[in-house]
1. Test A:Ser82 against the criterion of being outside any strand (DSSP E or B), modelled with pLDDT under 95 and closer than 19 Å to A:Glu10 by Cα, and give yes or no.
2. For segment B:51-63, enumerate the residues that are away from chain A (no Cβ under 11 Å), surrounded by 14 or more Cβ atoms within 10 Å (Cβ to Cβ) and of a type in the set (Asp, Glu).
3. Got a number for residues in segment A:52-68 being at pLDDT 90 or above and within 13 Å of the chain's Cα centre (by Cα)?
4. Name the residue that is nearest to B:Phe108 (Cα to Cα), counting only residues in segment B:61-91 that are modelled with pLDDT of 95 or more and part of a loop (DSSP other than H, G, I, E, B).
5. Would you confirm whether or not segment B:18-29 contains a residue that is modelled with pLDDT under 95 and surrounded by 15 or more Cβ atoms within 10 Å (Cβ to Cβ)?
6. Can you go through B:Arg113, B:Arg36, B:Arg95 and tell me which one is closer than 22 Å to A:Phe91 by Cβ and touching a helix residue (DSSP H, G or I) at 6+ places or on another chain (Cβ under 9 Å)?
7. From the set of residues in segment B:92-117 that are at the interface with another protein chain (Cβ under 10 Å from one of its Cβ atoms) and open to solvent by 30 Å² or more (accessible area, probe 1.4 Å), which is modelled with the lowest pLDDT?
8. Could you check segment B:39-50 and list, in sequence order, the residues that are open to solvent by 30 Å² or more (accessible area, probe 1.4 Å) and under 14 Å from the mean Cα position of the chain (by Cα)?
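The values are calculated or read from the model by the stated rules, or taken from the named source; none is laboratory data. Everything quoted here is computed from the prediction, not taken from an experiment. Counting neighbours? That spans all protein chains shown, and the Cβs are built from the backbone with ideal geometry, glycine included. The protein model used for the area step is the full one, side chains on, heavy atoms only, and it has no ligands, DNA or RNA in it. Shrake-Rupley method; radii C 1.70, N 1.55, O 1.52, S 1.80 Å.
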Amino acid sequence: AQKVTQAQTEISVVEKEDVTLDCVYETRDTTYYLFWYKQPPSGELVFLIRRNSFDEQNEISGRYSWNFQKSTSSFNFTITASQVVDSAVYFCALSEGILTGGGNKLTFGTGTQLKVEL
Amino acid sequence: DTGVSQNPRHKITKRGQNVTFRCDPISEHNRLYWYRQTLGQGPEFLTYFQNEAQLEKSRLLSDRFSAERPKGSFSTLEIQRTEQGDSAMYLCASRSNELAGGEETQYFGPGTRLLVL
């Protein structure tokens with residue numbers, strides 16, 4: 001069965017600190033996608049990044065960077081120089097069944113609440 | 001605004017009543033998904049449609065739940081005889097046509113918060 005684990009329930013940092021959110025996944029699929037979504041207090045899930053299982057290149061987008069390591073089944077997310085606006089719940093998700101007709105439904109972790117304080 | 005929209009945004013109902021939620025996906029997205037999110041948890045898959053066909057239902061979707069997408073555009077999710085355990089955020093997402101080389105990302109709507117008293 002597919003599983004996503006986000007062991008950090010809540011993280012508090014002071015503005016301008018760097019912070020890393022951990023994500024570990026389990027799957028028997030050889031082809032899959034990994035995602036990060038941001039959920040601010042308003043509730044809407046905002047897409048941040050998608051990675052496919054064949055591409056282990058790290059990615060940087062502004063203050064955000066992602067480290068995908070298949071060997072450890074991890075897909076970690078780092079925010080550099082955090083800001084108060086980064087405060088939200090962040091979800092890691094796994095897309096399953098791409099080649100086996102699973103409909104690409106997402107399996108989510110339980111989320112990490114990030115609080116950035118002044 | 002061309003994103004996914006959901007109505008209503010909030011719904012308060014009494015136990016035993018029926019409720020219906022609507023989701024309008026991004027135009028021309030052929031896949032539409034419903035998820036449920038309870039407090040402190042990640043969203044959980046309920047069901048999905050490819051065009052008007054409902055292709056998969058989670059075991060979370062009890063007999064009291066029914067979803068439709070009659071014309072392959074908007075979708076409705078109905079809960080009959082609501083129970084307090086149905087209180088949650090109901091999220092809708094859509095994605096583009098994979099056969100046309102569409103991307104695999106699901107884009108979410110703002111959700112409908114249901115409170116059953």
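1. So A:Ser82 fails the test.
2. Answer for segment B:51-63, where residues must be away from chain A (no Cβ under 11 Å), surrounded by 14 or more Cβ atoms within 10 Å (Cβ to Cβ) and of a type in the set (Asp, Glu): just B:Glu52.
3. Final tally of qualifying residues: 5.
4. The residue in question is B:Phe74.
5. Yes, the conditions are met somewhere in segment B:18-29.
6. B:Arg36
7. Result: B:Glu98.
8. Matches in segment B:39-50: B:Glu44, B:Gln50.
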